[in-house]
Structures are given as structure tokens and as C-alpha cells.
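Q: Quick one: the structure is below, and I'll ask about it shortly.
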Ligand SMILES: [Zn+2]
């Protein structure tokens, strides 16, 4: 999508209860540094966030470092005749571009960072979006979750697209994260998909969670045989994540949404 088309899309779909637009120049190898700066400045000016797919595969690192490898063959002419590798690792490539430092990006994936890049990520104030379903789809090695969390770098959950995932289902993403990183626990994993991510995206400008003034966006589940589970929250959440039941009700901005219209982002409830 061109910058002009992106701007048209924002004006056609202004922010609503259903949809809040942010911006993502795709990746360091596919987005020109000028486009990255443009997108980041737009985000900064409008109180938005920006994100970029970064260090998802070793082939991508190879492309940035050498200009060759299987990804070069795969992308072919797409990169254009004037494209040159920066000869840097992915986050160092991004760090030498002059996007506004007060508006750090979300890094999608960030599967393959060097020790120096983990420290750089902390200094830049970025957050990371891990996509457990996509990670499993490609059979990738373990995501370096502890490396980020130990440096205070927030990690949130996402789905990536259907090109690299079986379903776009955030509850499944939470379940997969807990399966792959049981030390995290259900409660913290759900926060990574919901409240903590919402707070970071809004820059703490809006209340989130079960707080007065926060949007009443709610999922309801009726859990069979949940009577005996009044005890630890973790056991209840485990049941919530593993049930095959569809949600009983969805509320957006305080109003129940008819089941068949749940997925339509553009219609009002
Ligand atoms: Zn991606």
C-alpha cells in the first residue's frame, strides 16, 4: 500500500469503538528509511503507535547483512534495482534511521536478536509483539521471552496474518503462549494480549481494564462445571483458555453485539 493509499484508508475509516488505526511500515528490508520516518512521524503527531516486522527469520538477517541469500531470490525484483543492504543486524539498521525517539516502535516477531540488540531494544524503549500461532506454524525455535522480560521490555501477543497462522484467534494465541512458556501463567499471558497491550498502545492516555471510564469491551464465557473452581484464578483461567465453547456474548462499548456481526469491524453495534 502506498503512503497516499494509507492516508486515504485512514480518512475512510476514522477511529471508532470498533477500530483504532495505527501504522506499520512493513519491514526494514521492504520499507525505505524515508517511509519509516514518515510513518513514525505521523504516529507521533497523531498520538498513535507504529510497528515494524523485524528479525523474524535468519534469512531476513542474511539479506540485510549481505544483500544475498534465499530471501533475495524469493523477493526478486520487488526490492528494486537501487536497493542496497545496510550490512547491519536488524535492530541496528532500524536504530540508524532518524524516527522520533519519543515514539518508539512495536517490533513484530523479533525472534533473532543479538545480545547487543536486546540491550539496544531496552534503551530505545520499544515493545515486542510475539505471535505464538505463527511461531508454531513455522516450527521456529523457542521465542526469547525471558531475554526481553528480564530487561523490562514489554512483550504483547498478536496473530500475524492468515498467511502464517491457522486462525486469527487471540484466545488461542494466549493458550499457545502458556503451552510454550508455562512459567508465564494464564493471568500474565492474558494481560499480554489485553490490558497491558491496550495501555501501551494508548500511551496511558485512556483508562483500560475494569476501571471507571474504560471502554466496556467484554467477552463472556459460560464455563460448564465451573462451580468448584471458585478457588485460584489460575485454574479458572486455564479452564477459560481450554474450553472449546464459543463465547456466550460479546460486548463492545457497553453494548451486546449480535453473534453473527461480532467480526464486522466497521459496523456499529
Ligand atoms: Zn510478520
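Q: Tell me, what is the percent relative contact order of the chain, built from C-alpha pairs under 8 Å that lie six or more residues apart?
A: Rounded, it is 14 percent for the chain.
Q: Would you compute, from DSSP H runs of 4+ residues alone, the mean residue ellipticity of the chain at 222 nm, taking -39500 (n - 2.57) per run and dividing by the full residue count, rounded to the nearest 500?
A: Here the helix-only value at 222 nm equals -10500 deg cm²/dmol.
Q: Can you give the angle from 0 to 90° between the axis of helix 233-242 and the longest principal axis of the chain, with both taken from C-alpha atoms, to the nearest 10?
A: Roughly 70 degrees between the two axes.
Q: Tell me, what is the FRET efficiency for residue 12 and residue 172 to the nearest 0.05, using R0 = 22 angstrom and their Cβ-Cβ distance as r? Working shown, then result.
A: Details: r = 30 Å, r/R0 = 1.39.
The value I calculate is 0.10.
Read-outs: derived from the displayed coordinates by stated rules, not from any lab. These numbers come from a predicted model, not from an experiment. Methodologically, a virtual Cβ is constructed for each residue, glycine included, from the backbone with ideal geometry; neighbour enumeration extends over all protein chains shown.
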